[in-house]
1. Any idea what the alpha-carbon Rg over 2.2 N^0.38 Å comes to for the stretch 3-133?
2. Could you tell me the center-to-center distance, by alpha carbons, between the stretch 41-64 and the stretch 68-86 in angstrom?
3. Suppose a student asked you for the relative contact order of the stretch 3-133, using Cα pairs under 8 Å spaced at least 6 residues apart; what percent would you report?
4. Which residue, chosen from Gly47, Leu81, Ala99, occupies the Cα position most advanced towards the positive end of the dipole of the chain, where the dipole is computed from +1 (Lys, Arg) and -1 (Asp, Glu) charges on Cβ about the Cα centre?
Amino acid sequence: MSDIEKVNDIITKAETFYLATVDGDKPKVRPLGFHLLDGDKIYFGVGTYKDVYKQMEANPNVEIAAWDGEHFLRYYGVADLSKNEEIVEKAFELMPDIAEAYKENGWEMGIFFLDKATAEIRNMMEVEETYEFEY
């Protein structure tokens, strides 16, 4: 299993994970559920009309935290907000109800991955494994 697959596995087992952004000078955290491993990147998606996307545009330094029942994951780096229609279509295939809502309302899905990223897999006391990802 590759390093990025290990990170993806924890996020998958966690089901719900948390994305932290910065809103002005205050932290903002929200639960997310969608992620997609494609090649060597884990993609996440949020609506471009939402505050979370605007926060990442203003300050792309973000962190994702997850607990899979055994390990904590801290996955932090710079959100790359480059448009990727292929990944949007894959996301919509996996989430047809979300796709329908976005299409009906004229919303756009903003897909991102973490660049210049560090993933720390931790137990309660210490870091067990650390991985670096730069694209």
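1. Values: Rg = 14.5 Å, N = 131, 2.2 N^0.38 = 14.0 Å.
So the stretch 3-133 has a normalised radius of gyration of 1.04.
2. 10
3. Details: 238 pairs, mean separation 33.4, N = 131.
Relative contact order here is 25 percent.
4. Of the options given, the answer is Gly47.
Any read-out appearing in this document is the output of simple, stated calculations on the displayed coordinates, not a laboratory observation. What you see is a predicted model, and the numbers here were worked out from it, not measured in a lab. Don't worry about glycine lacking a Cβ; one is built from the backbone with ideal geometry, like all the others, and counts go over all protein chains shown.
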